[in-house]
Amino acid sequence: MAIRVLLMFFGFSSLSALRACIARDWTPQIGDPEITGWLTVISYLICFVLAVMVLRRRPAGAARGLWLAIAGLMAFLGLNKQLDLQTALTATGRCMAHAQGWYDNRYLVQIAFIAGLVLGVLIALVWASRALRGHMRRNGLALLGLAVLCGFVLVRAVGFHHVDMLLSLDVANLKFNFWFENAGLVLIAINALMLLRRGR
C-alpha cells in the first residue's frame with residue numbers, strides 16, 4: 001500500500017510502469033567491459049579486503065569508523081563500477097520529470113542535486129577529519145584517498161564538458177579517468193598495509 005502511494009506521488013500508476021520507463025535508458029549490464037574497468041573493480045575489491053582486515057585485526061591507531069566507512073564504500077563503488085547504477089538513477093529522475101511535468105525545468109533539480117551532493121561530501125570530509133584528531137597521522141593517507149575518490153565521483157556527477165574532455169585524455173596509453181580514480185584507491189591501500197604491518 002505504501003509503495004503504491006509513493007508511486008502515485010511520483011506520477012506512476014504501478015511499479016511495472018516505472019520499470020518500463022527506466023528500461024528505456026538503462027538495463028543491468030557490464031558498464032565498463034574494458035581491461036581498465038576490470039582493473040579498477042579489482043582495485044576496489046583489494047581495498048575492500050584490506051579495510052576488512054584492518055577492522056578484524058584492529059592495529060594500533062586505526063580509526064574503526066573510518067575503515068568501516070571505507071569497507072562499505074569500496075563494496076558499493078566496486079559494484080557500481082560495472083552495474084552503472086548512476087545511469088539508473090539518472091533514468092529514474094528523467095522518468096519522474098516527465099511523469100510529473102517538470103522536465104523542461106530539470107536543470108534546477110540537477111543543480112540542487114549536485115549542490116546537495118557537494119555539500120554532503122564536504123560535511124562528511126570535515127566530520128571525518130575532526131573525528132580523526134589524534135589518529136590523523138596513521139589514517140591520513142586513507143582520508144586523502146577518500147577525498148580523491150569523492151572528487152572523482154563529484155566530477156563524474158557534475159559532468160562538465162571540459163572536465164569530461166580532460167578525463168578522456170590519454171596518459172601513458174590509459175585514460176586520465178583511470179589514473180584519477182585509482183590514485184585514491186592506491187592511497188587507501190597503502191595506508192591499510194601500513195596499519196596492518198604495524199599491527200603485526
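The values are calculated or read from the model by the stated rules, or taken from the named source; none is laboratory data. Note that the structure is predicted; figures quoted are calculated from it, not measured. Here Cβ is always computed from backbone atoms with ideal geometry, including for glycine, and neighbour counts include all displayed protein chains. Quick note on the areas: whole protein, heavy atoms, side chains included, nothing else; ligands and nucleic acids left out. Shrake-Rupley method; radii C 1.70, N 1.55, O 1.52, S 1.80 Å.
A few points about this structure:
- Within the stretch 94-109, tally of residues that are surrounded by fewer than 16 Cβ atoms within 10 Å (Cβ to Cβ) and in a helix (DSSP H, G or I): 9
- Considering Gly145, Gly61, the condition of being open to solvent by less than 30 Å² (accessible area, probe 1.4 Å), at pLDDT 90 or above and either in contact with a helix residue (DSSP H, G or I) (Cβ under 9 Å, 6 or more places away or on another chain) or farther than 18 Å from Glu181 by Cβ (or both) is satisfied by Gly145 alone.
- Number of residues in the stretch 99-144 that are in contact (Cβ under 8 Å) with a residue 24 or more places away in the chain and either β-branched (Val, Ile, Thr) or touching a Leu at 6+ places or on another chain (Cβ under 7 Å) (or both) equals 12.
- Positions within the stretch 73-95 being aliphatic (A, V, I, L, M) and at pLDDT 80 or above, in sequence order: Leu73, Met74, Ala75, Leu77, Leu79, Leu83
- Any hit, the stretch 80-98, residues being polar (S, T, N, Q), over 30 Å from Thr40 (Cβ atoms) and in contact (Cβ under 8 Å) with a residue 40 or more places away in the chain: no
- Residues of the stretch 78-92 that turn out to be in a loop (DSSP other than H, G, I, E, B) and open to solvent by less than 40 Å² (accessible area, probe 1.4 Å), as a count: 0
- For the stretch 53-68, taking the residues that are touching a residue at least 24 places away in the same chain (Cβ under 8 Å) and not in a loop (DSSP other than H, G, I, E, B), the one that is farthest from Leu185 (Cα to Cα) is identified as Arg57.
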